[in-house]
Every structure is written in structure tokens, then in C-alpha cells.
Amino acid sequence: MKKIYLLHLMLITFALSTAAGTPIYDGEPSSTYFRSWLLCGPFPNPQETYEKLDRNQSGFYIDYLKNHGGEINPRIDDDWIEYESDSNAIYLDQAVSQDPFVLAYAYCEIQSSSERPCILALGSNDGARVWLNGEEILDLPVSRGLRLDDDTIPVVLRKGRNTLLLKIAETENIWAFSCRLLPYDKKYLNKDQTLFRVINDKEGNATLRFTGSEALIGKIVKEAQIEAFSTRDLDMPIWKKKWTGTKEIPIEIESNTYGEYNLQLTVTMIDSTEHQLSIPFSIGRRIDYTLFQNGATDYSIIIGEDAPESEQWAVKELQRWLKEISGAEFPIRNDSTPRQSKEIIVGFNSHTKEILGNETTAPADMDESFQYFNTGASIVIYGGCLRGTIYGVMSFLENEFGCRWYTPSVSVIPKRDSYSYHDLHHTESPGIRVRNDFYYEAFEPIWAARNRVNGAMNYREQPGGLECYWAVHTFYPLMPPSEFFDEHPEYYSLIDGKRVHNRAQLCLTNPDVLRIITERIKKRMRESPEYLIYSVSQNDWANPCQCPRCQAIAKREESESGPVIWFVNQVAEAVEKEFPDKFIGTLAYQYTRKPCKTLRPRKNVVIRLCSIECCFAHDFIHCPENESFVKDIQGWAAIAPHLYIWDYVVNFSHYVMPYPNFRVLQPNLQFFRKYNAIGIMEQAAYQSRGGEFAELRMYLLAKLLWNPDCDTEAVIDDFMYGYYGRSGQYIRQYFDLLHNQLTPDTHIHLGLQPDDPLFSEEFIHQADLIFDKAEIVANNEDIKKRVEVARLPLLYLKCKRFPNESIRDLTYKKFTEITQREGITHYAESGKTHREAFHAEMKRAAQE
């Protein structure tokens, strides 16, 4: 027998040697890796057949030991070599061959004093097949890197001699494996495909195969309940079966067309414990359809002959972006033409019905959920005709081609030579009904439609329309003191025994006030029918009426919200008959934030709760400063049929200053959703461009408002590298540096100041160095300008903290150049006043 040694051959303490030189290991699992093996090889595993993984041709499935007892019962002879590794892995490149696309066998024996369950832990680079006592317990034709214990296989060792044969495939690069016995632990049974696997034949038919050792049946594994789900509907099983110990079970699902599925198994063990397994699989012959290739396409876009404007806009978007992606022109035809095999059908039209069946009903016009899928070569995209279909088209372009509309002026549309598909299926529904991304650039209607922003304060023309909230702080716009106070001071607040109107409210228990407000809000609803919610709400200051009737309600309800809800309920009742689908909204804001004790808002009243007093360094739930707000939203959610949140995401005192609140955006939105908010308005820098990370924050907010559970880190990374190019790595580094300044004891509010300890000199210094790198690596002049806008908050902070130095080192000069070039007019919500004061301060510094 040939002998090869890396080290002087010394059998490790748990391995014994027979006369034939076979390594024998103790069946008592010691968790020590098996380092001594008999090896046989190499054998050919041709590249072309390996890549096809054809079970009838690939070397992976050829029994190269057939003249030596076979893989079931190998005979040890002079073709085997003894090998011992000095590490936990056996590197076959050193022991057998450095050639690519070959195979080798490894053999050892295990001596067990009794029948016992254990775990065989295997790692391999690349594919592996394993036989224990002649029974195949692993069949894994893969290309992968070596990870110790990648596969954990439950087995039952029989008493006495147990044979273990491994077959390890090599593609290229490293060729190696590892193996050891671990004590039996049920946790390994939860790993998908440890016990079961789905196998497909050439026709695409699927069979569930028990891949564990047959010795497990009746000794460890008792039975299993099996359910199959289409990946298009994971809620309703389409096939069920009970497994009681057979090696294979055909999965009886129609296979005329290709489909992808998920198998859910509940495996019951002998001790009655249960384990859940999930196995993805497919049925049917896979056919790849080519949508376009080399600048040409055979496809048409189909739209309903009577499709609404929103769907007409959607098909033009689809045509436009597909051409930019592929270079191909996709003609648009209406559904009056006969259906053909290669179509992209947009909207619920006659071609859609022909595919789905005539009994299928169209979704409601306002339904914003959507789906896209293929039936054979045809692709169908549809949802509610106002916005659902639009969102389906944009999602198709985003998911399948990587299109991004980061800002109204910056889109990233990847170019592709070809695109093929075989099983498209995607559905989505909005997480929040009304989504108001209140950034200046987010008001641009095309960007908003592409990014599924459907809410607004002021109505604007937008594809698919909007859910608009008419006005806020409307007491005086509806009843101006200039019109009424002189003759009817009793309409306004009684403060300290005197009727006043300056920074005051209305007397809500005055019947004339109720009559006038009701008449005027009805008039507004008739004149502006495009709105969903009409505001009857307090002015943006305090001083509620102190008259006995108003205060009687406030004291009874233990909140100043009492008179407001009492009043608004009557207005809502008066308008309901004429406007059954509209809402009256009012504020729970500052002095009215606390909910009523006994009064309940009517079914057509929307409570607009405001988070203005909160800390935005930490999410609402985990910050002690937010306890009262949490208590108030819980109180309102218990009594109000509809909540509409007015949230805040910027520093109103300094729009253009670092504001590390990104980590609370998602948990706070999820918190609002939990309490049944029908709408959320994220008030931001709304008067001009230039707010801190305005582009990133408005893009992320759009994603979160649609799906509060989206992967925010992935969205941020996508934006960083898509919007900032090569500079994105450094912008992300700065972003993380900024947010890592926060501690559990840090609290930031809507008036964060430049002298806050959050902004240390060390932070400013490090941030400057990072931005220097970002500007150096910018791909082009446009990206360099985006980097400069991202740096603007740091420049502003330096000017505020160190005005004299900022004059000398030209920080102020650079800040001014950028703001003028970008048309940034608001450094804070107060606009011109703040801007002029800032520049006056810097001019004084220049004169010192």
C-alpha cells in the first residue's frame, strides 16, 4: 500500500489502526475532527457535465469503485493511500491532486459500543456525497467554499463496525473537506434539508425524498405533516400529505407549467417534540423567456382601450425606461387587438381577464396593492386603476432592472444587453394608507408617483391622484377676527376675564361659532372636492377659551382636547350626509395632545396627533422623555377611529446642520402603524432644497411609508452608492460617524443647537477628513456637487461654532458658494430672517 505523510504518521488517541491501515474512530462522539483517512483518486469529473449536474453523465454520479466493491461496500486495496492532516481540514490539493474538475473518495470506520444517535458534521469544497454503512446519507452536488460543519447530518450508529465513505468533488481553487462526530442534539434537525430534500426528474415532476439514514425512522423520527404552498400565495396550501416513513413521496401538483413552491414540514420525533422545516422547490420544466436582447424585442405593451389617465401614464413610463435600459422600442397596443404570446399587459383589461379567467373581478379603483407575474411568456402588471397599476410598473422596473429615482433630477437606470425570466411573481400592499413625505423636492409630482408618495397638504396634479389633507390651524382662516371680532368678541377666547383674539382661539361652546364653522367648511368641501380630510383645528399657539361652558367640558374630560372634540364631532355630524366619504380632521397638538376621558371622536373624524415635544435621538418606546407621548397615542388609539400622525424629522431651528435621527425613523413609523395610523406626514425642510441629508431622508421615508418593515440599511447603502458613486463609501462613513455620537443619555429635539456637546471638535475634525476623501474620489463634477451639498451641514456647523476661523480658512466662502449655486434659501424654518442673521454674524466675524 502506498503511503504519503505530511507529518510522521502517529495515530491520534481516538483513532485505532487495523492491519489494513484503515483509520478507526471511537463511536462515542468527542467533537474532535477526523484527521486520518484512506484516500482514493483522483477520478475525472468533466467541467461541462459537472455544470449541468446531469445524474446520468456527471462524474459525481459515476461509481468509480465499481471494480473495488462499489460505493455501497468499498474494498480497501492498494489503490488507497493513508493520509493524516495536521489541521481539522483535509486538503486534497496536497494529498491527491491539484487538477481541477476531479473527484476523490475518503474512507474510515467507526467502532461503536452500542447503537446510538449522533450528528455527523461535514464541510466540503466543493460537492459531497456520503455513505454510512452503505446507505447514502448526503447527496450535495454544489460548488462552494469550505466551512467546517457546514452540513450537520443526524445518524444512528449501529453497535460494532460502521463504515463511512465520502466522495468529494473539485471544481477549481481549493479542494478540501472536514468531518467529525458531534453528540446528538435536536437543534440540528431544524436545519432545512437535513432530513428531507425535493428531487426533480427531467420532466420537472417533484418528489420529496427522505435523505436521512433509514436507521432514524422509528428511532428518532416518527412522522411528518407536509404542506406545499405556491410562492405566489404562502397563506393557502395547495397540497397536503402525511409522511410515515417511506423513502420517497411524489408531490402531486400539476406540472404543465413551471412554478416555484415552498414545502413546509412539521416533523414529529419519537419523544413527540416537533420541528419545522422549509424547503423551496419547483415543478414543471423551466423555460427562460427573453424580454429583449441586443437592442431588440418581440414584445408589445398592452393597455385597456378605456384605461384611465393614470394607467396611460404608467405604460409610457414603462416604455420609456425599458427603452433606456435595453435600447429596444416596445410598441404600445390596446386590448382590442387579439392576445399574443409575448405581451406586457398593464392594468386589469380584457387580456388580463383572458389570462386570469373571466370570473376574476377587477380590484377597486383606489386599491393601491398590486402584483406582477408571468403566465408563459406573457407578463401581467396590475392593481387598482388609480395608483395600484402605477406602483406595480415602478416596482417591476425597480426589482427586475435596478431602476432608481433618487430625486426629481437624479435617476439611475442600468443598461442591459438582455433580460430573461422564467417565474415572475411579486405582490405588495401599502403599510400606511396616506403617505406624506413633506420635503421640498418630494413635492415634485412625478418623483412622488414613482416612489409611491400619495399624500399632500396642498393639492397638486399628480399621476394617480393624491389623498390630500386640506389646511391646518384653521380656526382663524375660517373665522378671521378681522371679520367678526369687533361685532362679536364673544366668538373668541375669554382670557383672564376678557375676550381677546390676539394669539387666541375660538369659543367652541358658542352656537354661532358652530354654525359659521359648519357653513364655511361645507363651502370649502364643495369648492375643493379633491381633498380627503378637511381641517377644523386650533391655531398654532395656546390660549384656549376660559369661559365657564368651555372649561366645564375641559374639566370633565381632564384635557383641553375635550371642547375641541365636542365641537368637531358636531361639525362632522353636520357634513356627513352630504359628504359621506370625507373626513373632518383636528389636531391633538401641544395643549390638546392629551386624549379625552369620556368623549369619543366620531367615525368621520380624524385625530392628527403631533410629536413636536419628543426626543428624536431615541425611538419613542425606549426614551424616558417620550413616555407622555406614548401614553397619549395609546389613549387616542383606544378611542379614535382614525389617527393621522404629524411627525417631525428635521431640526427646524437649523435645517442646514447635522441631525442624527435616521436610526429612529423606522421604529417610530412602525410604532405609528401599530396604533392604526391611517396617514403619516413627515414634516421636514419643506421651503427649499438644502436640508441636512434631505435627498437621502426623503428617499428613505418614501420607502418606509410604503413598507415600514423594509431593510433600511440596504436602502441607505443603495442610495449612498447610487447617488454619490465612488464617494458613497465615504459619505456612509461620515453618516455612521455622526450617528455614533449618540449615547443612551443623548437627547435631541427640534431645536438642536450648534453648541450642543454632541458636536465635539474631534467629530468635526474627523468629518472634515472624510469629506476631503469623498470629494477627491468623486466620479464626475455632478457627483462632486452632490458631495458638497452633503458636506454643507458640516460647513454650517463650523461657521456657527468657529465664525472667525471659518472666515480665515474659507469655510464660509465655500458655504456661500454652494448655497447660491444650489438655490438654497432656507437654513431654518424661519427662512429669510434666519439667513440674514447668519450672514450678518459672519460679516461681523470678518471685520474682527
Could you check, for segment 469-480, whether at least one of its residues is open to solvent by 60 Å² or more (accessible area, probe 1.4 Å), closer than 20 Å to A588 by Cβ and not in a loop (DSSP other than H, G, I, E, B)? yes
Hits in segment 733-782 (condition: of a type in the set (D, E, K, R) and without any contact (Cβ under 8 Å) to a residue 40 or more places away in the chain): D736, D745, D756, E761, E762, D768, D772, E781, D782
Is there a residue in segment 415-433 that is small (G, A, S), at positive phi, open to solvent by 10 Å² or more (accessible area, probe 1.4 Å) and in contact with a Pro (Cβ under 7 Å, 6 or more places away or on another chain)? no
Across segment 570-620, the tally of residues that are in contact with a helix residue (DSSP H, G or I) (Cβ under 8 Å, 6 or more places away or on another chain), in a strand (DSSP E or B) and among the small types (G, A, S) stands at 1
Scan segment 289-311 for residues that are assigned to a strand (DSSP E or B) and open to solvent by 90 Å² or more (accessible area, probe 1.4 Å) and jot them down. Q293
Is segment 796-803 home to any residue that is out of contact with any Pro (no Cβ under 9 Å at 6 or more places or on another chain) and more than 20 Å from Q766 (Cα to Cα)? no
When both residues are 6+ apart or on different chains and their Cβ atoms are under 9 Å apart, which pairs have a first residue that lies in segment 444-458 and is at pLDDT 95 or above, and a second that is crowded, with 24+ Cβ neighbours inside 10 Å and of a type in the set (K, R)? A449/R387; R452/R387; R452/R435; V453/R435; N454/R387; N454/R435; G455/R435
When residues of segment 251-288 are filtered for being open to solvent by 50 Å² or more (accessible area, probe 1.4 Å), assigned to a strand (DSSP E or B) and farther than 21 Å from P154 by Cβ, how many remain? 2
Go through segment 303-354 residue by residue and tally those that are within 18 Å of S418 (Cβ to Cβ) and β-branched (V, I, T). 2
Report every pair of residues separated by at least 6 positions or lying on different chains whose Cβ atoms are under 7 Å apart, first residue within segment 528-544 and within 18 Å of S559 (Cα to Cα), second acidic (D, E) and open to solvent by 10 Å² or more (accessible area, probe 1.4 Å). P544/E560
Output for Cβ contacts, cut-off 8 Å, separation at least six or different chains, first residue farther than 17 Å from R600 by Cβ in segment 637-648, second among the acidic types (D, E) and open to solvent by less than 30 Å² (accessible area, probe 1.4 Å), reads D647/E682; Y648/E682
Can you pull out the residues in segment 568-605 that are within 18 Å of R520 (Cα to Cα) and touching a residue at least 60 places away in the same chain (Cβ under 8 Å)? I584, G585
Could you grab the pairs with beta carbons closer than 6 Å, sequence gap of 6+ or different chains, first residue in segment 783-811 and over 15 Å from G725 (Cβ atoms), second one open to solvent by 30 Å² or more (accessible area, probe 1.4 Å) and among the aliphatic types (A, V, I, L, M)? I807/A846
Answer yes or no: is there a residue in segment 380-391 that is open to solvent by less than 50 Å² (accessible area, probe 1.4 Å) and over 26 Å from the mean Cα position of the chain (by Cα). no
Just give me the residues in segment 796-844 being more than 21 Å from K784 (Cα to Cα), out of contact with any Phe, Trp or Tyr (no Cβ under 8 Å at 6 or more places or on another chain) and either open to solvent by 70 Å² or more (accessible area, probe 1.4 Å) or among the hydrophobic types (A, V, I, L, M, F, W, C) (or both), in sequence order. F802, E805, I807, R808, S830, K832, T833, E836, A837, A840, K843, R844
Applying the selection to segment 739-767, what residues are more than 15 Å from M657 (Cβ to Cβ) and open to solvent by less than 30 Å² (accessible area, probe 1.4 Å)? T746
From the list D437, D367, D423, which one is touching a Leu at 6+ places or on another chain (Cβ under 7 Å) and either part of a helix (DSSP H, G or I) or charged (D, E, K, R) (or both)? D437
Y83 passes all but one of (1) hydroxyl-bearing (S, T, Y); (2) within 16 Å of L165 (Cβ to Cβ); (3) open to solvent by 20 Å² or more (accessible area, probe 1.4 Å); (4) modelled with pLDDT of 95 or more; which number fails? (3)
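The values are calculated or read from the model by the stated rules, or taken from the named source; none is laboratory data. This one's a predicted model, so the numbers in the text were calculated from it and none came from an experiment. Neighbour counts run over all protein chains shown; Cβ positions are idealised from the backbone, glycine included. Keep in mind that these areas ignore ligands, DNA and RNA; they rest on the heavy atoms of the full protein, side chains included. Shrake-Rupley method; radii C 1.70, N 1.55, O 1.52, S 1.80 Å.
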